1. Looking at segment 61-88, which of its residues are open to solvent by 100 Å² or more (accessible area, probe 1.4 Å), of a type in the set (D, E, K, R) and assigned to a helix (DSSP H, G or I)?
2. Which residues, counting only those in segment 27-52, are at pLDDT 90 or above and hydroxyl-bearing (Ser, Thr, Tyr)?
3. Does Leu24 count as part of a helix (DSSP H, G or I) and either at pLDDT 85 or above or touching a Pro at 6+ places or on another chain (Cβ under 8 Å) (or both)?
Amino acid sequence: MFAPAVIRALRKNKTLRYGVPMLLLIVGGSFGLREFSQIRYDAVKSKLDPEFEKRLRANKITLESEYEKIKDSTFDEWKNIRGPRPWEDPDLLQGRNPESLKTKRT
């Protein structure tokens, strides 16, 4: 007699029905996020392969060296071409004739 009344009262209690699962989600989520964020810190602490570190140090690419490579290039002759959308034919959109492409392939 006592048990059905208690169960009925607990089902009507909004704190137990909504509050307790919400608190469990918040507390459990904080523990889960701690585990995922720990992966990031562990990855930073891990050491790279010594040979790979040597290659990285030897292959110094600076902004000045890249500028020297493209300094003499002319960028006045470029043409802006929009890429095709999934439903469009890429050959027709970019001004190429599909018939001429077929003759080159055969």
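1. Result: Glu64, Glu68, Lys69.
2. Scanning segment 27-52 gives a single hit, Ser30.
3. When the stated conditions are applied, Leu24 passes them.
The values are calculated or read from the model by the stated rules, or taken from the named source; none is laboratory data. All figures in this text were calculated on a predicted structure; none of them were measured in a lab. Cβ coordinates were reconstructed from backbone atoms using ideal geometry, including for glycine residues, and neighbour counts include every protein chain displayed. Each accessible area value is taken on the protein alone, full model and side chains, heavy atoms only, with ligands, DNA and RNA left out. Shrake-Rupley method; radii C 1.70, N 1.55, O 1.52, S 1.80 Å.
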